[in-house]
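Single-structure report; data block below.
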Amino acid sequence: MPNCGCETETMSHQILQYALSGLSTGAIYSLIGIGFAIIYNSTGIINFAQGEFVMLGGMMTYFFLSLLRLPMLAAMCLSILLTTAVGVVFERLAIRPLRNANPLSLVIITIGGSILIRGIAMLQFGKDTHSIPAFSSNEPLVIADATILPQNLWILGITFLIIAANRYFFYHTINGKAMRACSHNRRAASLVGIGVKRMVLISFAISSALGSIAGIITAPLTMTSYDVGIMLGLKGFCAAIIGGMSSGVGTVFGGLLLGIFESLGAGLISSGYKDAIAFIILLLILFIRPQGLFRKAETERV
Amino acid sequence: MTVKSVKITVVALGLLLLSTALCWAAPPIKIGGLFSITGPASFLGEPERNTAQMVVDEINAAGGIRGRKLQLVAYDTQGDATKAVQAATRLIKEDHVVAIVGPSTTGDTMAVIPIVERAKIPMVSCAAGIKITEPVKPWVFKTAQNDYLAVQKIYENLASKRIKRIALLTVSDSFGSSGREQLKSLAKRYGMEIVSDDTYGPKDTDMTPQLTKIRGGKAQAIICWGTNPGPALIARNAKQLGVKLPLYMSHGVSSKKFIGLAGDASEGIFLPSGRVLVADLLPKSDRQKKSLLSFVRDYQKHFKAEGDHFGGHAWDAVMLLKGAIERGGDTPAAIRAQLERTRNFAGIGGIFSYSPKDHSGLTKEAFVMLEVKGRDWALVR
């Protein structure tokens, strides 16, 4: 494609638009990434079923809205509750009975779980793509010649609210502190009387709830179908890896960075490389900081 | 015995003989069906199987072909080339069909072609791939419209609006890359200049970067080539960015589902489509109108769903076979020869005229241009 000597003015507007687009997709990646990090920190495993929680959030909301004709808020709350229940059941049936297995087997089990959840969702909800209505108006807002949809603001707002709530939970509640203790040293935590099993269960509950929220707030924008979980899950995983598996600012930063890089890459280099950019970043991080994956680094991660 | 009663006995005997002769001579004419009824391409195979059976039942209810019933033996390929090959072999070797309708997908069709060519059984595929009939294989025909006919229709429309500079945005799967190739290779003939050529992934959820780039470029129109849900997202993203350029979609999204997904963002979008969607909007002079209305009405009656393009491909295939058998008899060789002589058959997908050099049989007039107006289709004059 020949580069059309575009004037610098248009170029800067374009870059602003790329950045805004990137921020809003990045916020989604952050939210999913935090779900990965919370489970990783309490159990030491990467839960590849995280993307399916995202899918369940969106698909269930669509289901409650269109088939049961529930009001928006009720549909959203119900689907968050149900997805959380799925997360808890998943932990009970698939993770807890095997908690002495090595992390790699557990990771593979989560992959199996994700295929199972996706299959059930396909049978229940069908293979069609669905859209749910936006939370507020659909009219784009103009910010210095770049445009953004109100739904993007909802995504950004809700993401930051959740991250703040997360921080409060982990630093100012007894359960949150206990989970941090588990993430530092599970054995020591259990020695001082912390119920490690219960913490693992709570971590699955929180992660699946976060995943479903991510699925719900993005569904009006990106639409949803039984198989959206795979790609979103992988991107969230990249965000968590970039953020060093922290369930706080690190992963948020990782997600936003990933979103902006993708968007800039697609706009300025080539749209064909959009997904490649995410995975090149992932590989680079894994090469430079391999301890991010299965071995705990010295830094605090919660 | 009187002379009269002798006569009656002779006549009765004669009738008896004749009827047994008819019994021997009139087993049903067996045609095979290969459809991806389950699996990822079930959205093609299911309406195709439904329609094929419906048409066969209707032909039989109206007295069959030359007094003989038609029988459809349909197998599910599950969109799997290996299963398609097995099913085709079974149709030919065990069921002794005289012709085959289907398969539903290009992959299945390409796998089955060597088998029907060797067995010399005519096959009318319902898949769209250009390579099915280019180069021409003696025993293989198809009913789905070629992609490049849709490209020609779009370019013709653009040229009539004096639009010359276009931006492409195509999905990076086989449908998108085939469309992209055709768009590029036909651009010159219609005087089009492709000023940007972007792609997006089939699972992408945000196409604002590509559209931002297009908006900053010199294009006068955007052509997007993909199947749901991508194009619906692109329509929404374009509205979000306030892109004022006319947006053209491919026939890959010509269903109500697209309007449902894109919502208000679908307003003013142009796309080429087969005539099924707009059967009742067509002028009385349209030669396909009669076939279309009867297909849509019958499908609604039998399956409580709207007849779509895919069902139409099977409708065309069975009716083309019916015409060939009526004219030339029921041997595979005669059916093949008569199929090739089909001229001006007004079906669902278009007006078919096969020839020894053309086994796809349609022109760009198989498509009409539609515009989305008020969440519904409108014909573009």
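Helix content alone sets the calculated 222 nm mean residue ellipticity of chain B: runs of n ≥ 4 DSSP H residues at -39500 (n - 2.57) each, divided across all residues, give -14500 deg cm²/dmol.
Using a simple spin-label model with pseudo-atoms 7 Å out from Cα toward Cβ, B:K304 and B:R118 lie 4.5 nm apart. Once the C-beta distance of B:K184 and A:L286 is scaled by a Förster radius of 30 Å, the resulting FRET efficiency is 0.20 to the nearest 0.05.
Fewest neighbouring Cβ atoms within 10 Å first, the residues A:C238, A:C77, B:C126 line up as A:C77, A:C238, B:C126.
Residues whose amide H falls under 5 Å from that of B:S125, counting only those 5 or more places apart or on a different chain, are B:G102, B:F141, B:K142, B:T143, with hydrogens built in the peptide plane.
For B:T82 and B:R381, the difference between the fully extended length at 0.36 nm per residue and the C-alpha to C-alpha distance is 103.1 nm. Pairs with C-alpha atoms separated by more than 28 Å, drawn from the list A:K274/B:K184; B:K153/B:K301; B:K131/B:K213; B:K164/B:K357; B:K131/B:K244; B:K184/B:K290, are B:K153/B:K301; B:K131/B:K213; B:K164/B:K357; B:K131/B:K244; B:K184/B:K290. A Förster radius of 45 Å combined with the Cβ-Cβ distance from A:F279 to B:Q71 puts the calculated FRET efficiency at roughly 0.25. Secondary structure note: in the protein assembly as shown, about 35% of the DSSP beta bridges are antiparallel. For the range B:182-188, the Karplus equation 6.51 cos²θ - 1.76 cosθ + 1.60, evaluated at θ = phi - 60°, returns couplings of 5, 4, 6, 6, 8, 4, 4 Hz by residue, with Gly and Pro reported as x. Summed over qualifying helices (DSSP H, 4 residues or more, each -39500 (n - 2.57)) and divided by its residue number, chain A shows a 222 nm mean residue ellipticity of -23500 deg cm²/dmol. Distance between the modelled labels on B:R343 and A:L191, one decimal in nanometres: 9.6 nm (7 Å Cα→Cβ projection). Computed from Cα positions, the angle between helix A:150-172 and the longest principal axis of chain A comes to roughly 30 degrees.
This model, with +1 at the C-beta of Lys and Arg and -1 at the C-beta of Asp and Glu, gives the protein assembly as shown a dipole about its Cα centre of some 860 debye. The magnitude of the dipole of the range B:86-158, with charges of +1 and -1 set on the Cβ of Lys/Arg and Asp/Glu and taken from the Cα centre, is near 180 debye. For the range B:122-138, backbone nitrogen atoms closer than 16 Å to the point 7 Å from B:D358 Cα along Cα-to-C-beta are found at B:130, B:133-137.
With a cut-off of 9 Å between beta carbons, the residues surrounding B:P28 carry a summed charge of +3, where Lys and Arg count +1 and Asp and Glu -1. Comparing Cα centroids, the range B:78-102 and the range B:330-381 end up 25 angstrom apart. Net charge near B:K289: determine it from the other residues with C-beta under 10 Å of the C-beta of B:K289, scoring Lys and Arg +1 and Asp and Glu -1. Neighbour charge sum, excluding B:K289 itself: +2.
Neighbours of A:C238, meaning other residues whose beta-carbon lies under 12 angstrom from its beta-carbon, give a summed charge of -1 when Lys and Arg score +1 and Asp and Glu score -1. Once both labels are positioned 7 Å from their Cα atoms along Cα-to-Cβ, the gap between B:E193 and A:D145 label points is 2.3 nm. The charge dipole of chain A, taken about its Cα centre with unit charges on the Cβ of Lys, Arg, Asp and Glu (plus for the first two, minus for the last two), comes to roughly 1560 debye. A simple rule links phi to the HN-Hα coupling: the Karplus curve 6.51 cos²θ - 1.76 cosθ + 1.60 with θ = phi - 60°, which for the range B:309-324 gives 4, 5, x, x, 4, 6, 4, 4, 4, 5, 5, 5, 5, 4, x, 5 Hz, with x for Gly and Pro.
The residue among B:A167, B:L245, B:L282 whose Cα reaches farthest toward the positive pole of the charge dipole of the protein assembly as shown, with charges on the beta-carbon of Lys, Arg, Asp and Glu, is B:L282. Counted over the protein assembly as shown with a bin width of 20 Å, the fraction of Cα pairs per bin, in whole percents, is 17, 41, 30, 10, 2, 0.
Readers should treat all values here as calculations from the given coordinates under stated rules, not as data from a laboratory. What you see is a predicted model, and the numbers here were worked out from it, not measured in a lab. We place every Cβ from the backbone using ideal geometry, glycine too, and count neighbours over all the protein chains shown.
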